[in-house]
Each structure stands twice: as structure tokens, then as C-alpha cells.
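Below you'll find the structure, written out as C-alpha cells, and then a few comments.
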Amino acid sequence: MKLQTKVLLKPSTFQINYSNKLLLLGSCFAEHIGNKFSYYKMQAVTNPFGVLFHPQAITQLVKNAVLEEKYTEKDIFNQNERWHSFNAHSVLSTPSKQKLVKNLNAAVAETRQVLTNATHIVVTLGTAWVYKHLELNKVVANCHKVPQKAFNKQLLTVTEIEASLQEFISLVKSVNTNAKFIFTVSPVRHIKDGFVENQRSKSHLLTAVHNTIELEKNRGDAFYFPSYEIMMDELRDYRFYKEDMVHPSKLAVDYIWEKFSDVWLTKKALETTVKVGAVQRGLEHRPFNSESEEHQKFLKNIQEKITYLQKEYPFISF
């Protein structure tokens, strides 16, 4: 009996191993996947500017990094006793404007460095809905709870998204000709926009991404991973969602990560994730008696595994 529709996947030609370096940008789902790379001790940096939901915000970040644009106090504003940037998520916001400027410029420098060395760049697009600040006449990455009357809400057209993604690729290529691009659309539904509006948004993103990949076909360095389709088809039951019925549950994230790993990680990398996972679980273990001989043997065994891993991958630390 067939109880599930499966999204067909095949291994990529440019798979990821532990020597590769990754940059993950985009929505909160990028954070989920980035956390997996971090857990398994792979060389990955996720969202230096925090979560970015739409393609123009991601492109603006990369543009600032490539051009090494410096932030000043003119580029930030105060709202609810905290300083914010319209180009960054509130995770960077602070009560000190000097600290925010410092953090923004540090994030720009980090993004520039990672872009230059990255072998794979994973981009997760969340929405095509954007907010344009009326006074500044610019699309923002985050509204930071500024009253909505200060913005005009707009749905990016497919053409606008394509232009943004093509600019993004060109900017990266200007500093790194070898990077491979993995695009995906977030499985998180933005139902605050409305159910129909969310579907319109996702359809614009999907069409633009595939059009962009088709344009890059000759170079063969842009790919699509179907996170959205796996969630919608293979994991359509509500038990795969958190209590808000919108965000994927841990089980769903683990499932999509497993699918991503099968497509994008080399066989050796997969074997190493198993070894790293065993160490991580061992380090999380809390003994009844930390002084017992049995526990000391357990700790010695864990340390031997760590030493073995670090011998082959010196950058790994626990």
C-alpha cells in the first residue's frame, strides 16, 4: 500500500565534503540546515546578518560585502530603545549605536571573507513579499516593529526576483568564480500574509529560481533542492509541524536534512557525520556518578574518538 508521495531526488555532481566551505543565507529554514552543518562540525557560516526573508535583502547583503561598504551611524535608527539597521535582522540590534555599527561592519567583513572562499552557497528564499520604506524609498530586510504606515507592502514580480538572483550570482562570481549555488524555497508558510498571498509568493519564488538556474545551465553551477516540495508532499501531515501549524517540527527538519545529505554530502562525509554524531551524543550524556570507573572509561573512549577525528580534520573542535 502506497501511503506517501515521494519527491524524486538524485545525487549531485558537486557534492560536499569536510574540506568544503559553505555559506548559508536566507530564511529561518537556512538556520535549521546551518545548525545541522554546525552540529556535524562542517565548515559552514550561516546568516552573518541574521535571518533574511526575501531575495533583495540577500542580494543587498552580498553587494555590501563584495563592495566592502562601511556602515556608519547614519545607516541606523532607534526604535523602542534599541538601535537597528533596515538591512539586518533584529538579532544584531543593540542598545548601543556604536556597538551596532561595529557589529554590522564585522558582519560585512565576515561575509566578504566567507564569500571569497566558499565552495558552496546555499540560499533559502522565504517570501516574495517585501516592505518598502516610504521616506527612504528602499526595500528593507526587516521592519523592526516600525509602524506599518511607514511602509508600502509589495509582491516582487518574477522578473524582479530573477534580476535580484542574477545580480547575486554575478556579485559572488566577481570575487569567487568557483562557487556552486544551491537554491531552495523555505517550507515555512507565511500565512500572516494570507493563505492565497503565501501561495502567490511561493509561486513567484519557485518560478524565478528555476528560470535563474536555467540561465546558469551552461555553467552548471546553480542547483535546486526541493525543501518546499518535500514538506508539502512527503510531510503533508500536521504531525510534522510545530504547535503553530506553520513551522516544520524537529522531525520534519531532520527528515529534510536527511534528504539533503543524501543528495549533497559525499559518502565519506556521511560516514564522518555518523562519527561526529556519536561524539556529540556522548558529550551530551549526563552520568549518575561522574567519578565512577565506568564513566571515566566512557570519557576516555569519547576523547579517543575526538582525537581520531581531529587528526584527519584539524579544524574540528568540540
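The values are calculated or read from the model by the stated rules, or taken from the named source; none is laboratory data. All of these numbers come straight from a predicted model, not from anything done at the bench. Glycine gets a Cβ as well: all are built from the backbone with ideal geometry, and neighbour counts include every protein chain shown. Keep in mind that these areas ignore ligands, DNA and RNA; they rest on the heavy atoms of the full protein, side chains included. Shrake-Rupley method; radii C 1.70, N 1.55, O 1.52, S 1.80 Å.
Consider K173 carefully, then state whether it is modelled with pLDDT of 95 or more, within 25 Å of the chain's Cα centre (by Cα) and within 20 Å of F86 (Cβ to Cβ).
For K173, the condition - modelled with pLDDT of 95 or more, within 25 Å of the chain's Cα centre (by Cα) and within 20 Å of F86 (Cβ to Cβ) - is not met.
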* Structure fact -> When every residue in segment 122-161 that is in contact with a Cys (Cβ under 9 Å, 6 or more places away or on another chain) and among the hydrophobic types (A, V, I, L, M, F, W, C) is compared, the one nearest to S12 (Cα to Cα) is F151
* Could you list all residues from segment 63-97 that are touching a residue at least 12 places away in the same chain (Cβ under 8 Å), farther than 27 Å from A163 by Cβ, open to solvent by 60 Å² or more (accessible area, probe 1.4 Å) and outside any strand (DSSP E or B)? => T72, E73, N80, E81, V91, P95, K97
* Asked: Within segment 165-177, is there a residue that is among the charged types (D, E, K, R) and loosely packed, with under 14 Cβ neighbours inside 10 Å?
  -> no
* Structure fact -> The residue that is most open to solvent (accessible area, probe 1.4 Å), considering only those in segment 207-255 that are more than 25 Å from S164 (Cβ to Cβ) and of a type in the set (G, A, S), is S249
* Here is a list of conditions, (1) in contact with a helix residue (DSSP H, G or I) (Cβ under 9 Å, 6 or more places away or on another chain); (2) open to solvent by less than 50 Å² (accessible area, probe 1.4 Å), and Q4 meets all of them except one; can you say which number that is? -> (2)
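Would you check if Y308 is surrounded by fewer than 18 Cβ atoms within 10 Å (Cβ to Cβ) and outside any loop (DSSP other than H, G, I, E, B)?
So Y308 fits the description; yes.
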